[in-house]
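Read the figures in this text as sums done on the coordinates, not as results from a lab. Computed from a prediction, not measured in an experiment: that's the story for all the values here. Neighbour counts run over all protein chains shown; Cβ positions are idealised from the backbone, glycine included.
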Amino acid sequence: MVKLVEVQKTMNEFRLAEVYINPEHVVAMRQDDRMVQSLHEGKLPAGLSENQTFTKLYIDRGQVGIDVTVVGDVELVREKLGIGRRTLLKG
């Protein structure tokens, strides 16, 4: 499990919260431009840099999936999750 910072929306306000993600269940990632727009409009919590980027993770939950938006660009999140790392299997 990897700890990331999630952007949560409740009613009409946003907040940041820690979330633990199992990298084995992430099926796709992409930059979340909608969240960048919300940041520029002043809708996100204070303290975030104007240059902050966000990544939307698509997580498999069996028959349905969930989407989670986290703080950080796609490459940083990919590195934190360890996705794409080459691993030597010993047999």
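Whether any residue in the range 14-27 is of a type in the set (Gly, Ala, Ser) and touching an Asp or Glu at 6+ places or on another chain (Cβ under 6 Å) is what I want to check. Full working, then the answer.
First, the residues of the range 14-27 that are of a type in the set (Gly, Ala, Ser): 17.
So of that shortlist, the ones also touching an Asp or Glu at 6+ places or on another chain (Cβ under 6 Å) come out as 17.
Yes: the range 14-27 contains one or more residues that are of a type in the set (Gly, Ala, Ser) and touching an Asp or Glu at 6+ places or on another chain (Cβ under 6 Å).
Failed condition for Glu79, given (1) in a loop (DSSP other than H, G, I, E, B); (2) out of contact with any strand residue (DSSP E or B) (no Cβ under 9 Å at 6 or more places or on another chain); (3) charged (D, E, K, R), with all others met?
So the condition that Glu79 fails would be (1).
Out of all the residues in the range 51-74, is one or more among the hydroxyl-bearing types (Ser, Thr, Tyr), crowded, with 16+ Cβ neighbours inside 10 Å and outside any strand (DSSP E or B)?
Within the range 51-74, one or more residues are among the hydroxyl-bearing types (Ser, Thr, Tyr), crowded, with 16+ Cβ neighbours inside 10 Å and outside any strand (DSSP E or B).
Please go through the range 15-56 and pick out each residue that is without any contact (Cβ under 8 Å) to a residue 40 or more places away in the chain, in contact with a helix residue (DSSP H, G or I) (Cβ under 7 Å, 6 or more places away or on another chain) and within 22 Å of Leu81 (Cβ to Cβ).
Within the range 15-56, Leu48, Gln52, Thr53, Thr55 meet the criteria.
Out of the range 28-50, which residues are within 27 Å of Val64 (Cβ to Cβ) and either of a type in the set (D, E, K, R) or part of a strand (DSSP E or B) (or both)?
Ala28, Met29, Arg30, Gln31, Asp32, Asp33, Arg34, listed by residue number.
Look at Asp73 and say whether it is touching a Phe, Trp or Tyr at 6+ places or on another chain (Cβ under 7 Å) and among the acidic types (Asp, Glu).
No; evaluated as a whole, the condition is false for this residue.
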